[in-house]
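Data block below; observations after.
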Amino acid sequence: MPTMPVPTNTDIAVQNTTTGQVDYLQFQGSQLVASDAINYAGAGWNVVAQGEFGGPALGSLVVQNQSSGFLDILNLDANGNLVGSTMSNVAVPHIVGEGFFNSSATGQVGPTLVSQLPDGELDMLAFNGSGQLIQSDLVTNTMGLPTAVGVGESNQSFPLFAGKGTGSNDSIVTQLADGSIDDIGLSGDFSTATLAFTASLQLPGSAGMAPVQAVNQEVGGGHANESILGTNSLEGVQLVQQLSNGTFDSVYADSGYGGDAAHEGTLYASNLLNLALPGWQAVDAGVVARELFPIT
């Protein structure tokens with residue numbers, strides 16, 4: 001197997017499952033070197049997505065009320081502090097992340113949010129700058145999918161794993177009951193409501209993984225959640241799992257790009273972070289953590 005990329009620093013964000021407090025963490029190797037805890041929306045509001053939704057500096061976090069389903073888009077300053085928010089006009093199904101799916105809807109602000117219905121179906125959602133839901137696309141062939149745990153894209157292209165999906169479509173990461181990771185590739189276009197599930201890749205050797213709570217937290221632009229780019233166009237997909245004792249383990253899988261189709265999906269590295277946080281969970285806000293440190 002070729003030499004695959006593993007970052008020197010690991011940046012993740014975690015959220016207290018009782019109070020709702022968010023803590024941005026940076027590790028060098030497995031050791032914690034920086035932490036910044038901030039209170040945003042409070043108990044019952046879970047961070048479900050990150051991206052450029054109009055925030056002035058670090059972008060935005062999307063939080064969802066676990067009882068009502070309503071969303072609140074939180075705009076952050078350069079220090080990660082809340083400077084404004086926009087509430088959605090409707091309640092929506094559980095949000096599992098955000099991405100780009102070939103094109104955006106007319107009037108859309110920010111990336112497309114990915115929701116999952118109780119029957120497993122994926123429903124892509126677009127909002128305008130006032131928090132109004134302006135488009136929805138119920139993805140064909142997704143009824144019965146396993147639990148979605150995140151959304152990601154290639155650093156160089158779009159499908160998370162090479163050839164698993166078409167066009168400029170991000171991919172959805174799901175996890176089966178036995179812990180196995182199954183990547184869901186899409187075709188079609190969000191703006192025309194023609195997205196469909198057309199390809200998948202179950203990662204070999206992933207059975208038995210602990211619950212994955214975040215995907216690709218190290219690199220990102222407007223859509224966030226890009227894979228880690230190494231030499232010769234090789235890429236690594238990051239999966240952040242939480243073990244039963246509360247520690248987090250950053251696991252990396254070969255994306256198959258850079259001509260390495262023979263090892264596509266292979267788990268090639270793991271970084272067990274030296275911090276146990278029972279009562280906390282990793283959330284999709286690691287790109288904010290990466291841009292936040294060092295705090296000035």
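The values are calculated or read from the model by the stated rules, or taken from the named source; none is laboratory data. Bear in mind the structure is a predicted one, so any value in this text is a computation, not a measurement. Virtual Cβ from ideal backbone geometry, glycine too; neighbours counted across all protein chains shown. Keep in mind that these areas ignore ligands, DNA and RNA; they rest on the heavy atoms of the full protein, side chains included. Shrake-Rupley method; radii C 1.70, N 1.55, O 1.52, S 1.80 Å.
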Boolean, Ala105 is of a type in the set (Gly, Ala, Ser), modelled with pLDDT of 95 or more and touching a strand residue (DSSP E or B) at 6+ places or on another chain (Cβ under 7 Å): yes
Sole exception among (1) farther than 21 Å from Leu239 by Cα; (2) touching a helix residue (DSSP H, G or I) at 6+ places or on another chain (Cβ under 9 Å) for Ala13, by number: (1)
Residue check for Ser157: surrounded by 22 or more Cβ atoms within 10 Å (Cβ to Cβ), closer than 26 Å to His263 by Cα and of a type outside the set (A, V, I, L, M, F, W, C): no
Members of segment 49-87 that are open to solvent by less than 10 Å² (accessible area, probe 1.4 Å) and of a type in the set (S, T, N, Q): Gln50, Ser60, Gln64
Cβ-Cβ under 9 Å pairs, at least 6 apart or on other chains, segment 94-109 side of a type outside the set (Asp, Glu), far side open to solvent by 50 Å² or more (accessible area, probe 1.4 Å) and assigned to a strand (DSSP E or B): Val96/Thr147; Ala105/Ile134; Thr106/Ile134; Gly107/Ile134; Gln108/Ile134
Pairs with Cβ under 6 Å, 6+ apart, first in segment 50-64 and farther than 14 Å from Arg290 by Cβ, second at pLDDT below 90 and in a strand (DSSP E or B): Glu52/Gly59
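State yes or no: is Glu235 in contact (Cβ under 8 Å) with a residue 40 or more places away in the chain, over 21 Å from Lys164 (Cα atoms) and acidic (Asp, Glu)? Show your work before the answer.
Details: in contact (Cβ under 8 Å) with a residue 40 or more places away in the chain: yes; over 21 Å from Lys164 (Cα atoms): no; acidic (Asp, Glu): yes.
Judged against the criteria, Glu235 is not a match.
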Top-ranked residue of segment 114-149 - restricted to ones that are part of a strand (DSSP E or B) and of a type in the set (D, E, K, R), ranked as surrounded by the most Cβ atoms within 10 Å (Cβ to Cβ): Asp137
Residue satisfying condition, being part of a strand (DSSP E or B) and either in contact (Cβ under 8 Å) with a residue 60 or more places away in the chain or of a type in the set (D, E, K, R) (or both), within set Asn75, Asn46, Asn79: Asn46
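If I filter segment 257-296 down to residues being among the β-branched types (Val, Ile, Thr) and surrounded by fewer than 19 Cβ atoms within 10 Å (Cβ to Cβ), which single residue comes out as farthest from Phe158 (Cα to Cα)?
Filtering segment 257-296 for residues among the β-branched types (Val, Ile, Thr) gives 266, 283, 287-288, 295-296.
Checking which are surrounded by fewer than 19 Cβ atoms within 10 Å (Cβ to Cβ) leaves us with 266, 295-296.
Working: Thr266: 19, Ile295: 32, Thr296: 34 Å.
Only one residue tops the list, namely Thr296.
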Of all residues making up segment 1-48, the number that are open to solvent by 20 Å² or more (accessible area, probe 1.4 Å) and farther than 21 Å from Asp72 by Cα: 18
The one condition in (1) open to solvent by less than 50 Å² (accessible area, probe 1.4 Å); (2) touching a Ser or Thr at 6+ places or on another chain (Cβ under 9 Å) that Gly97 fails to fulfil: (2)
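Residue-wise test of (1) free of Cβ contacts under 8 Å to residues at least 60 places away in the same chain; (2) not small (Gly, Ala, Ser).
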residue: Ala148; (1), (2): yes, no
residue: Gly152; (1), (2): no, no
residue: Gly179; (1), (2): yes, no
residue: Ser200; (1), (2): yes, no
residue: Leu203; (1), (2): no, yes
residue: Gln213; (1), (2): no, yes
residue: Ser227; (1), (2): no, no
residue: Gly230; (1), (2): no, no
Segments classed as strands (runs of 3 or more DSSP E), wholly inside segment 160-256, with at least 1 members that are within 14 Å of the chain's Cα centre (by Cα) and surrounded by 18 or more Cβ atoms within 10 Å (Cβ to Cβ): 171-175, 181-187, 212-215, 235-242, 247-254
